[in-house]
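The values are calculated or read from the model by the stated rules, or taken from the named source; none is laboratory data. Predicted model, so just to flag it, every value in this text is computed and none were measured. When we count neighbours, we look across all protein chains shown, and the Cβ atoms used for this are built from the backbone with ideal geometry, even at glycine. The area values use the complete protein model at the heavy-atom level, side chains included, leaving out ligands, DNA and RNA. Shrake-Rupley method; radii C 1.70, N 1.55, O 1.52, S 1.80 Å.
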Amino acid sequence: MTNNQPVAVVTGASRGIGRAVALELARTHRVVGTYRGNLVAAESLRAECGARIAQMDVGVRADRESLLRIVREEFGRLDLLVNNAGMAPRQRNDILVATEESFDEVLRTNLRGPYFLTQGAAKLMLEGEAGRIVFVTSISAYTASTSRGEYCVSKAGLSMAAQLYASRLAGEGIGVFEIRPGIIETDMVAPVVKHYRRLAAEGLLPQGRLGRPDDVARAVRAIADGLLDYSSGQVLDVDGGFHTRTL
């Protein structure tokens, strides 16, 4: 790719949804994909699509600053940020016994990290002509799961973060979008995937199947290609119809 190719940052790009997004964007963008600990998976991403990989814990300020410094020094521009990195609680606990330590860890990674990464990324985008920002949230932004309350709270907060940044940046030529995946077949749901497949077939999901990482990647593609540029602040439900709340 030439130096005129747009640059995309995808956080949490080594596996699952983030990997699918990075692979999709690599067809048209120079991709910087972040990972936290799985170097083998990150290296395989680099080998597959040529992405520039960068180790980063999104919840750590110094790591966020280092990432943006890499983008500035190596590429000189940022056209698309996909806030994908996130985590589930290490243990599912009823909210009556859940710990503050778990709450703090999940909120640091899922909310505070992308909130302030977006702040820095937006400033970098403002040095250019325009940009696009995607927040990958979850149906958990509005669906209560009392065994992982901290995750639901983090995604609800991230949904509001998307609206805040969309409002602030709309007049600056930066479109901000929220993608709400439903039950996607990734490592996060692997321990209970059979249960979810049964529920999907029984009607929980009107389309009758679980989602795949590629389903989310295609939604990001539409944003990256500018097809939704007059729809800043839009929420894209990638959930097999779950949001319709069918009776």
Discussion item. What pairs come out if I take residues in segment 159-175 that are assigned to a strand (DSSP E or B) and pair them with residues that are surrounded by 14 or more Cβ atoms within 10 Å (Cβ to Cβ) whose C-beta lies under 6 Å away, six or more apart or interchain?
Written reply: I174/M125; I174/G131; G175/R132; G175/S232
Response to the item:
Apart from one, (1) under 23 Å from T28 (Cβ atoms); (2) in contact with a strand residue (DSSP E or B) (Cβ under 9 Å, 6 or more places away or on another chain) all hold for Y165; the odd one out is (1)
Worksheet entry | Only listed residue being within 20 Å of the chain's Cα centre (by Cα) and not in a helix (DSSP H, G or I), chosen from L67, L78, L96 | L78
Practice prompt. Using the structure shown, decide if E48 is within 24 Å of A219 (Cβ to Cβ), assigned to a helix (DSSP H, G or I) and not polar (S, T, N, Q).
Written response: yes
Worksheet, complete the sentence: Of those in segment 176-200 that are in a loop (DSSP other than H, G, I, E, B) and β-branched (V, I, T), the residue surrounded by the fewest Cβ atoms within 10 Å (Cβ to Cβ) is V189
Practice prompt. State yes or no: is D215 modelled with pLDDT under 95 and either surrounded by 18 or more Cβ atoms within 10 Å (Cβ to Cβ) or part of a loop (DSSP other than H, G, I, E, B) (or both)?
Written response: no
Response to the item:
Here the residues within segment 218-247 that are under 17 Å from D79 (Cα atoms), open to solvent by 80 Å² or more (accessible area, probe 1.4 Å) and among the hydroxyl-bearing types (S, T, Y) are Y230
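Residue-by-condition table, conditions (1) surrounded by fewer than 20 Cβ atoms within 10 Å (Cβ to Cβ); (2) closer than 17 Å to G128 by Cα; (3) among the hydroxyl-bearing types (S, T, Y):
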residue: A13; (1), (2), (3): no, no, no
residue: E24; (1), (2), (3): no, no, no
residue: V40; (1), (2), (3): yes, no, no
residue: A47; (1), (2), (3): yes, no, no
residue: Q55; (1), (2), (3): yes, no, no
residue: V58; (1), (2), (3): no, no, no
residue: D63; (1), (2), (3): yes, no, no
residue: G76; (1), (2), (3): yes, yes, no
residue: L80; (1), (2), (3): no, yes, no
Worksheet item: E105 is checked against (1) under 19 Å from A20 (Cβ atoms); (2) acidic (D, E); (3) open to solvent by less than 70 Å² (accessible area, probe 1.4 Å) and fails just one. What number does that condition carry?
Response: (1)
Item to complete: Would you be able to say whether some residue in segment 231-246 is in a loop (DSSP other than H, G, I, E, B), closer than 14 Å to S138 by Cα, within 19 Å of the chain's Cα centre (by Cα) and free of Cβ contacts under 8 Å to residues at least 24 places away in the same chain?
Response: no
Worksheet, complete the sentence: Here the residues within segment 164-175 that are buried (at least 23 other Cβ atoms within 10 Å of the Cβ) and on the phi > 0 side of the Ramachandran plot are none
Worksheet item: How about segment 121-140: which of its residues are free of Cβ contacts under 8 Å to residues at least 60 places away in the same chain, buried (at least 21 other Cβ atoms within 10 Å of the Cβ) and of a type in the set (G, A, S)?
Response: G131, S138, S140
Discussion item. Please pick out the residue among T99, T118 that is among the β-branched types (V, I, T) and surrounded by fewer than 16 Cβ atoms within 10 Å (Cβ to Cβ).
Written reply: T99
Worksheet item: S147 fails exactly one of the following numbered conditions: (1) assigned to a loop (DSSP other than H, G, I, E, B); (2) in contact with a helix residue (DSSP H, G or I) (Cβ under 8 Å, 6 or more places away or on another chain); (3) over 13 Å from T11 (Cα atoms). What is the number of that condition?
Response: (2)
Response to the item:
R209 meets each of (1) open to solvent by 30 Å² or more (accessible area, probe 1.4 Å); (2) in contact with a Gly (Cβ under 6 Å, 6 or more places away or on another chain) with one exception, condition (2)
